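Okay, so here's the structure we're looking at.
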Amino acid sequence: HFGRGVSGSISMFLGFVTVACLPLADAVLLGYAAPLMTVFLALYALKERDPGYRWAGGNVGSIGVVIALSPHLGAWHDPGRLSASAILGIATGLVGALFGALSIIQIRSLAATEAPGAIVFYYMLMTGVLGLMSMPFGWATLDLRQLALLLSAGLFGGLANLLIAQSLRCAHASVTAPFEYTTLLWSALISYSVFDQGPGLSVLVGGSLVAASGAFTVWRETRGMSEARSAG
């Protein structure tokens with residue numbers, strides 16, 4: 001629980017830095033390094049034997065992410081065109097994705113013996129303690145709107161962690177990892193409805209591949225379970 005709390009908290013804190021330094025779409029897309037990292041870590045840390053179709057789904061999802069990121073890749077190859085803030089955001093996004101993948105692997109290990117509620121409780125306790133430790137570095141005074149937004153983020157984040165823990169209790173980490181890619185579609189909808197920033201063609205094409213990879217993995221897993229039941 002301690003290890004999962006630390007890795008999850010680091011990933012979350014770095015995610016905040018990434019969102020502060022980069023546009024929302026860029027920050028979300030950088031987070032998609034986590035599912036692919038999860039597949040590799042599940043193979044070596046959890047000894048999960050992944051069929052070829054899971055690797056295929058993960059690779060298709062990764063291609064979709066690259067397509068969605070393509071408008072930004074040219075600038076990334078030329079650091080001189082990036083500000084210090086953008087470089088920091090890219091670095092924290094990638095490192096945060098790694099810690100996020102570690103957190104998923106640890107949840108998978110915990111789910112074998114712990115209830116989802118217990119996993120979420122200890123995680124929230126750890127993030128709360130680490131968050132309080134940041135108080136000496138300067139906290140801003142919040143108005144009612146900001147306080148309401150923070151409370152809402154905490155509630156939605158807690159619910160998300162509960163659902164993630166439950167999903168990892170029922171399926172391998174490498175199976176659930178591709179579903180992380182669907183947040184690309186959700187972020188595009190939120191960006192359009194809240195920030196009036198419509199997704200570009202690259203995001204639509206890449207997002208379609210990402211969604212297709214997740215749907216293919218679900219279909220193949222369902223077919224495999226049906227075949228296993230039929231075999232007795």
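Things worth noting here:
- SER134 versus LEU88: modelled label distance in nm, points set 7 Å from Cα along the beta carbon direction: 1.3
- Here r is the Cβ-Cβ distance between ALA148 and ALA56 and R0 is 41 Å; the resulting FRET efficiency, rounded to 0.05, is 0.40.
- Plainly put, segment 89-142 has a radius of gyration that is 1.09 times its Kirkwood radius, both from alpha-carbon atoms, as the Rg/Rh ratio.
- Of the chymotrypsin sites (Phe, Trp or Tyr not before Pro) found in segment 88-174, the ones in coil according to DSSP and having at most 11 other Cβ atoms within 10 Å of their Cβ are TRP139.
A short reminder: the numbers here are calculations on the coordinates, not readings from a lab. Keep in mind that this is a model prediction, so the values were computed, not measured. Note that each Cβ is placed from the backbone with ideal geometry, even for glycine, and that neighbours are counted across all protein chains shown.
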